[in-house]
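What follows is calculated from the coordinates using simple rules that are stated; it is not laboratory data. Predicted model only: the values in this text are computed from it and were never measured. As a convention, Cβ positions derive from the backbone with ideal geometry for all residues, glycine included, and neighbour counts pool all protein chains shown.
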Amino acid sequence: MKRILPVIVISQFLCTTLWFAGNAIINEIGTAVHSGADFLAQLTSIIQFGFITGTLVFAVLSISDRFSPSVVFFTCSILAGIFNLGIAIPDSQSSAILLFRFLTGFFLAGIYPVGMKIASDYYREGLGKSLGFLVGALVIGTAFPHLLKNLISGLPWKYVLFVTSGLSVTGGLCILLFIPDGPYRKLSQKFSFTVFMKVFKNPDFRAASFGYFGHMWELYTFWAFVPVMLSAAKLEFPAININVSLWSFVIIGSGGLACVFSGLLSQYFGAKRIAAYALFLSCLCCLTSPIFLFSGSVYILIGFLIFWGLTVVADSPLFSALVAKSAPAEYRGTSLTIVNCIGFSITILSIQFVNALSGELNSQFMYMTLAIGPVLGLIFLLKKRHSSQRIDAAGLAGNVHS
């Protein structure tokens, strides 16, 4: 039992390196296909759209509840790795690259939420801590291609694709060989087209879900535009050689530590409370971004971005834990997948919204719009928490812990 969580965490990290593999080499891909300035938004949005489509299909068919989650994870890790390699095909057009990114995202739907499903099948108590490690692995996996690009800077850019696809296959094999179905797994034998409505009738499920949706408005847009912020700083401070790839990894990857830390804190103070604090701090980062991004100091800028990278994702495993805990056991995998589907749909709207603003609004104020999500998420969370406190006073319920 002790090896279960480390294996899941390592496998999640290895497989999710596919997520931003295209973003890490966006300039090289753009040069190869002669793409326009908005190619970053297109490339990021299309893999999100593929993930959304995949999660929708997986949810409607209850894939991870009807079949062995370990087999689903393994199969999707192989297919996602294969389609990730599609970008490396010589003389590919931009439309073909976007298609391969879409298909990679589609099969990531059988990795990230299914990994959480596997963890929830093993850990009933302390799920927030377990998912803290799991989402931390996702964050570092997402950031890893930026580090990989920096490490192999003397080699062709396609090596980023070769390495990340190999890591994905390795991660899938680890799950297949070492992680059997968990003791708390309940098998669903039939399709359930009404599960969408069923799970959202639960007020605790709704509170966790809408908090997560607000968090997702900010998260992936921030991650996608970190290299843009650093590239702008590089032009502003030409005397300081800012390594965009390395600092992108540090800023995004630092969130992995925050996920682990928030998961541990949730055991003592409750998942909802820690999630609300993290959401509030990341909201402050959005609102104060003009001050720090244009402070005139590259050190203040990078320090601020690292802090933002910590807070922007610290609440993610806590929302997932709350969703998993409040969902029916037989539809836990499907419920996690539904919430992921909606959340990632929101990321596309946010990415495209900020990208559109980049041509209309002074970049000094552009990222303040990311506060929209955290503000709405906080409103929902705080309203729900006050309700819970009134119930606690009546002796009918206790604090919610993950």
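Excluding Ile252 itself, what net charge comes from residues whose Cβ is under 15 Å from its Cβ, given Lys and Arg +1 and Asp and Glu -1? It works out to a net charge of 0.
The ellipsoid that matches the Cα gyration tensor of segment 1-118 has semi-axes, each √(5λ) in whole angstrom, of 28, 15, 11, with the longest given first. The magnitude of the dipole of segment 2-110, with charges of +1 and -1 set on the Cβ of Lys/Arg and Asp/Glu and taken from the Cα centre, is near 460 debye.
Taking the helices alone, the chain has a mean residue ellipticity at 222 nm of -25000 deg cm²/dmol, built from -39,500 (n - 2.57) per DSSP H run of at least 4 residues and averaged over all its residues.
Shown here for segment 156-189: chymotrypsin sites (Phe, Trp or Tyr not before Pro) in loop regions (DSSP other than H, G, I, E, B) with at most 12 other Cβ atoms within 10 Å, namely Tyr184. Work through the residues other than Phe294 whose Cβ is under 15 Å from its Cβ and net out their charges, Lys, Arg +1 and Asp, Glu -1. For residues surrounding Phe294, the net value is 0. Apply the a/c threshold of 1.5 to the C-alpha gyration tensor of the chain and tell me whether it is rounded, prolate or oblate. In terms of gyration-tensor shape, oblate.
Each of Lys186 and Arg66 was given a label point 7 Å from its Cα along the Cα-to-Cβ line. The distance between the two points is 1.8 nm.
The longest stretch of the chain left intact once loop-based GluC sites (Glu not before Pro) with at most 15 other Cβ atoms within 10 Å are removed from consideration, loops following DSSP, is 126-359.
Do you know the Lys pair count in segment 1-159 for C-alpha distances under 23 Å, with sequence separation 8 or more or different chains?
Numbers: Lys2/Lys117; Lys2/Lys129; Lys117/Lys129; Lys149/Lys158.
The number of close lysine pairs in segment 1-159 is 4.
Along the axis of the charge dipole computed for the chain (Cβ charges of +1 for Lys and Arg, -1 for Asp and Glu, origin at the Cα centre), the listed residues Gly136, Leu103, Phe365 are led at the positive end by Gly136.
List the longest stretch of the chain that has no exposed loop site; here a site is one of the trypsin sites (Lys or Arg not before Pro) assigned by DSSP to anything other than H, G, I, E or B, with at most 15 other Cβ within 10 Å.
Working: sites that count: Lys2, Arg3, Arg124, Lys186, Lys190, Lys201.
The longest uninterrupted stretch comes out as 202-402.
In debye, nearest 20, what is the charge dipole magnitude of the chain about its Cα centre with +1 on Lys and Arg Cβ and -1 on Asp and Glu Cβ, if you could check?
On the way: 24 positive and 14 negative charges, 245 e Å.
In debye, rounded to 20, the chain gives about 1180.
If you plug the beta carbon distance of Leu99 and Leu376 into 1/(1 + (r/R0)^6) with R0 = 45 Å, you get a FRET efficiency near 0.85.
Could you give the length gained by full extension between Asp204 and Phe178, i.e. 0.36 nm per residue of separation minus their alpha carbon distance, to one decimal place?
That works out to 6.0 nm of additional length.
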